[in-house]
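First the structure, in the form of structure tokens, and then the observations on it.
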6 protein chains.
Amino acid sequence: MYAVTVRDHFMIAHSFRGETFGPAQSLHGATYVVDVEFRRAALDPDYVVVDIGKASGIVKAVLNELNFSNLDAAPEFEGDNTTTEFLARTVFEKIRACISTGDLGKHADGLASLKVTLHESHIAWASYEGDL
Amino acid sequence: MYAVTVRDHFMIAHSFRGETFGPAQSLHGATYVVDVEFRRAALDPDYVVVDIGKASGIVKAVLNELNFSNLDAAPEFEGDNTTTEFLARTVFEKIRACISTGDLGKHADGLASLKVTLHESHIAWASYEGDL
Amino acid sequence: MYAVTVRDHFMIAHSFRGETFGPAQSLHGATYVVDVEFRRAALDPDYVVVDIGKASGIVKAVLNELNFSNLDAAPEFEGDNTTTEFLARTVFEKIRACISTGDLGKHADGLASLKVTLHESHIAWASYEGDL
Amino acid sequence: MYAVTVRDHFMIAHSFRGETFGPAQSLHGATYVVDVEFRRAALDPDYVVVDIGKASGIVKAVLNELNFSNLDAAPEFEGDNTTTEFLARTVFEKIRACISTGDLGKHADGLASLKVTLHESHIAWASYEGDL
Amino acid sequence: MYAVTVRDHFMIAHSFRGETFGPAQSLHGATYVVDVEFRRAALDPDYVVVDIGKASGIVKAVLNELNFSNLDAAPEFEGDNTTTEFLARTVFEKIRACISTGDLGKHADGLASLKVTLHESHIAWASYEGDL
Amino acid sequence: MYAVTVRDHFMIAHSFRGETFGPAQSLHGATYVVDVEFRRAALDPDYVVVDIGKASGIVKAVLNELNFSNLDAAPEFEGDNTTTEFLARTVFEKIRACISTGDLGKHADGLASLKVTLHESHIAWASYEGDL
């Protein structure tokens, strides 16, 4: 299995609901350094997993939808706790949607799976992975 | 599949037995930077893989059993070579035991697997992963 | 010159005022990974720059004053842009105050200077350094 | 499953063919920081996944075949685009060959699989993994 | 003293002249991960060392002059060994020129000094720093 | 001012004397990831700060004197607390001695200063710097 990963980041405000979260129930924020891993069994005719220019562009576009925002005020997350693991899934689904609409080019139909990792600090990170 | 990882460290003295180990047969030591990854298929009702406060606490407690010690003098490791890969398994088993006794809370029964990675330097690390 | 550095982090919400900041004028947030470097010309009688346990404790206490908060709502920052460089200075001053009140122990009077670095992402960081 | 990873690097010149690559069609170069992960289900009699001295030596020998060269002039890559993912596979195959000829010692027949990751920058990396 | 650092990278081919360089006398290449640190004694009216958007843009523009090229074929480097330390100075001078022509905005006249670090691998890097 | 840094590591056992050290008074150990920075005002005739091959060789030789040992049993450290900051100074002095005896070649007389940093974990490091 081949894989290619690109890294980018976004910065948001949010808060959590539930005693589990202790002081993180207050409005605070985070920088998420994001690794998006694209996987496939065989390389495409250009010898790549994915056009890395297109892939980086899509990742940036997806993260820009979230960057510099307060997730507590976003209708799409109403009723949700926007934990790191939940946001990893959110980014995964947005990138999957871009792939299915052809934004990564015609060879992207060979992609098998995707893994999205969000680093919230130097001592904690979360990921979501799934098939395409 | 979702995953959450927390990082901590411990510092020990030890030596190895066997010609394979060359100069590492002498008493020396290591800092192990430890990544513990918790995995599950679906998030719990709080939208998390695990209560990260409880998880960090358990990892610290497990590593404190080893921290600032000479493993050569520990009865639990008598007759063993305490290699990085062996210690990754040791930490794995200790955390698995904590989970099974309920230290991570009631939702921890949804955890599927665990991966423990020990970094011994900037150029070498080892891991052990298994189902729960 | 000797130096010892300890790393910790804090997570906040804030926004900036001024066209320079573009989309960062909206409420968003950041994780700051913080490196605090203590410097002195000669080691103390224990052969250390600073009691690292006390130093780590003070850094954590100072960062906890900011952690999990919305800086826009903090009276101490009213009228300020809480940029990374401004916050590096803020953390510097808070730690300097702790040192001057003796929280780092009697040998801390040998400390010469301090440098505080805040990493806001994998591609940007800021620092403030000064004499004690 | 146990795993041990060792890190090394190599530096090469090359160019790519195809419009997909844009300005990277010109002769340029890269440093590849290489992580080679060896995996097995059970430790060998010395309590290791692999003799790390032998493993590091083999990785260095394999990378030295490529280090300080222009891949465009290498007969072995004639007609190929030497992308990061392609080179990850190349390094994988060379290490697999070393294992099969016994360079890692007699216990290496317990190795189950191998993963090779090449980091081309702080924001992009690629890997190839497969069974042995 | 305040400082702000931004990170970017470029990828080039080159070779060195002189026995000192051993096998690096052959055509090869490198990825340089570049940290550019801007320093000043007091913050500007926006509470920043430099407009980080403008600073990142200038760094990218300067590195793009070198990116995806063969330095051996560049007239500007004829007769030079394009070592990491030499290239750190080169990037320093190019950014200094941008500052002096006003590309960083009117407040940039408060900048005191600059440091440019080029990381050539995980085990080697070089820098050049100087006053503005 | 130019600088070149090379990274290597060593692994030792030791213990500390004094209540300040708490549980670190027991025999334990550490991996030290070591950065040695060489500085000079002008490049040598080869356009380098130092012959990086020779420099890496000297650093490895110096660290090998300490690697895989128990510092508590080393006559050279009798009566000393081998703290990270003390060891940074120790490595500094050993490398300074190598330079003064000509091990870095004839151009090394242009070196102005040296900085040695020892990373003991992902959250703590110490350094010693001085003129040559």
| said: Need the failing condition index for A:F92 against (1) on the phi < 0 side of the Ramachandran plot; (2) more than 11 Å from every other protein chain (Cβ to nearest Cβ), just the number. | reply: (2)
| task | Go through the stretch F:1-15 and count every residue that is in contact with an Asp or Glu (Cβ under 8 Å, 6 or more places away or on another chain) and either in a strand (DSSP E or B) or of a type in the set (A, V, I, L, M, F, W, C) (or both). | result | 10
| note | The correct count of residues that are touching a Leu at 6+ places or on another chain (Cβ under 9 Å) and open to solvent by less than 10 Å² (accessible area, probe 1.4 Å) in the stretch D:4-20 is 4
| All but one of (1) more than 9 Å from chain E (Cβ to nearest Cβ); (2) more than 10 Å from the chain's Cα centre (by Cα); (3) closer than 30 Å to A:N70 by Cβ hold for C:T83; which doesn't? | (1)
| Do the conditions hold for C:P23, that is, is it open to solvent by 40 Å² or more (accessible area, probe 1.4 Å), away from chain A (no Cβ under 14 Å) and out of contact with any strand residue (DSSP E or B) (no Cβ under 7 Å at 6 or more places or on another chain)? | no
| query | Given the structure, is E:T101 more than 11 Å from chain D (Cβ to nearest Cβ) and of a type in the set (S, T, Y)? | reply | yes
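Okay, residues lined up against (1) at pLDDT 95 or above; (2) farther than 30 Å from D:I12 by Cβ:
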position: E:P75; (1), (2): yes, no
position: E:N81; (1), (2): yes, no
position: E:F86; (1), (2): yes, no
position: E:E93; (1), (2): yes, no
position: E:C98; (1), (2): yes, yes
position: E:A108; (1), (2): no, yes
position: E:L111; (1), (2): yes, yes
position: E:V116; (1), (2): yes, no
| Failed item, numbered, when D:M1 is tested on (1) open to solvent by 20 Å² or more (accessible area, probe 1.4 Å); (2) within 7 Å of another protein chain (Cβ to nearest Cβ); (3) more than 16 Å from B:W125 (Cβ to Cβ) | (3)
| (1) within 9 Å of chain A (Cβ to nearest Cβ); (2) under 14 Å from C:V91 (Cα atoms); (3) more than 11 Å from the chain's Cα centre (by Cα); (4) not small (G, A, S): which one isn't true of C:F38, the others all being true? | (1)
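Considering F:A112, F:A126, F:A88, which residue is over 12 Å from the mean Cα position of the chain (by Cα) and either surrounded by fewer than 17 Cβ atoms within 10 Å (Cβ to Cβ) or of a type in the set (A, V, I, L, M, F, W, C) (or both)?
F:A112
Among the candidates F:V62, F:V50, single out the residue that is at the interface with chain E (Cβ under 10 Å from one of its Cβ atoms) and among the aliphatic types (A, V, I, L, M).
Details: F:V62 fails: at the interface with chain E (Cβ under 10 Å from one of its Cβ atoms).
Within the list F:V62, F:V50, the selection yields F:V50.
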| task | Could you tell me whether E:A73 is within 14 Å of another protein chain (Cβ to nearest Cβ) and aliphatic (A, V, I, L, M)? | result | yes
| message | Let me spell it out: the conditions are (1) open to solvent by 10 Å² or more (accessible area, probe 1.4 Å); (2) over 16 Å from the mean Cα position of the chain (by Cα), and C:V49 meets all of them except one. Which number is the exception? | response | (1)
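The values are calculated or read from the model by the stated rules, or taken from the named source; none is laboratory data. Computed from a predicted model, the values in this text were never measured in an experiment. Backbone-built Cβ (ideal geometry, glycine too); neighbour counts: all protein chains shown. Each accessible area value is taken on the protein alone, full model and side chains, heavy atoms only, with ligands, DNA and RNA left out. Shrake-Rupley method; radii C 1.70, N 1.55, O 1.52, S 1.80 Å.
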